[in-house]
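Participant: Encoded as structure tokens, here's the structure I'll be asking about.
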Amino acid sequence: MRYFLPISLLALSCSATVNAQQSETRQWFNSIQYTTLENTGYDYDTMYLSSHYYFAPQQNSGVWDDYGYLDTDSNIKLDYSNNDLANSFGVFGEGFYGNWFANLEFSDLSETDDYSVGVGYLFADDLKVTVQMQEFENIDTIYRFTAQYNYQLNDSDYLGLTADTDDELEIWSLSTRYFAHLNADSYLAVDVAYHYNNFNPYITSLANYYFNRHVAVGAGVADSKLLLEAKYFIDCQYYFTANFFDRADGEVYSIKFVAQF
């Protein structure tokens, strides 16, 4: 009995920890990111600011930077970027009415002739289908079709699949994400995507291992080039992400700070 009691208490403690982690919700996600491209001939720096608000609480999947595969609640997002050549301010909004939804995006409000508008339907909270029209000032209208599917393996683990194409099948992509709870506070996230275009089809992949609630490291490839990632979570509200990408035209370093409430 003296052995059984500590084991029981440990099991209850682990269960309470998992339940507490999965009950954490956030609605407002903010980030600031600095990226630099180091080339033998020049350096290219970019600053990004982003603020994304959901009109319903978002529950994490067990780690503090994953809130499920599908966006199924109304939301609005503001983006600002500034680099050595230009700056832009963009806005995206998506609203749900029952299972139907519509979205609108301006990637740069200084160029309002360039925008995209879409409509779609959410099937049983698992399959999200979108038809989108992209308008540009100097090129023909593009129609895009996107299907996203979430297969929930258990309370925390899932497999996500996305297919996206234009109306002429000239630019399309297939991607998948596998997220799994391994043990205690350890998790694994694997992202793989194939991008097709007429010039340079390529594959990207990234695997992140979460050692605990505070530290995660990842590695992968993008167009056959090395990609590294590290994350440090101060707590459930604040964390840092650092990336390295050995691109064909130089080495890219970035660091991002996230505050979520």
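The values are calculated or read from the model by the stated rules, or taken from the named source; none is laboratory data. All figures in this text were calculated on a predicted structure; none of them were measured in a lab. Using ideal geometry, Cβ is built from the backbone for each residue, glycine included, and neighbour counts are taken over all protein chains shown. Note: areas computed on protein heavy atoms with side chains; ligands, DNA, RNA excluded. Shrake-Rupley method; radii C 1.70, N 1.55, O 1.52, S 1.80 Å.
Participant: Within segment 223-232, count every residue that is open to solvent by less than 50 Å² (accessible area, probe 1.4 Å) and without any contact (Cβ under 8 Å) to a residue 24 or more places away in the chain.
Facilitator: Residues meeting the conditions: 3.
Participant: Moving on to the next point. Quick check on segment 198-220: of everything there that is closer than 22 Å to residue 184 by Cα and among the aromatic types (Phe, Trp, Tyr), which residue is surrounded by the fewest Cβ atoms within 10 Å (Cβ to Cβ)?
Facilitator: Residue satisfying both the conditions and the ranking: 211.
Participant: For the condition of a type in the set (A, V, I, L, M) and closer than 25 Å to residue 47 by Cα, what is the one hit in 226, 188, 182? I'd like the intermediate steps shown before the answer.
Facilitator: Working: 188 fails: closer than 25 Å to residue 47 by Cα; 182 fails: closer than 25 Å to residue 47 by Cα.
Every option except 226 fails the conditions.
Participant: Further question: Taking the conditions exactly as written (hydroxyl-bearing (Ser, Thr, Tyr) and modelled with pLDDT of 95 or more), does residue 54 satisfy them or not?
Facilitator: Numbers: hydroxyl-bearing (Ser, Thr, Tyr): yes; modelled with pLDDT of 95 or more: yes.
Yes, satisfied.
Participant: How many residues does segment 24-78 hold that are open to solvent by 50 Å² or more (accessible area, probe 1.4 Å) and touching a His at 6+ places or on another chain (Cβ under 9 Å)?
Facilitator: Residues meeting the conditions: 4.
Participant: Residue 181 is checked against (1) surrounded by 14 or more Cβ atoms within 10 Å (Cβ to Cβ); (2) touching an Asp or Glu at 6+ places or on another chain (Cβ under 7 Å); (3) at pLDDT below 95 and fails just one. What number does that condition carry?
Facilitator: (3)
Participant: Give the residues of segment 69-101 that are at pLDDT 95 or above and not in a strand (DSSP E or B), sorted by residue number.
Facilitator: Of everything in segment 69-101, those that are at pLDDT 95 or above and not in a strand (DSSP E or B) turn out to be 69, 70, 71, 72, 73, 74, 98, 99.
Participant: Would you list the strands (runs of 3 or more DSSP E) that sit entirely within segment 174-261 and hold 3 or more residues that are more than 23 Å from residue 32 (Cβ to Cβ)? Please lay out each step first, then the result.
Facilitator: Numbers: elements: 186-196, 202-210, 215-222, 225-233, 238-247, 250-260.
Filter on segment 174-261 gives 186-196, 202-210, 215-222.
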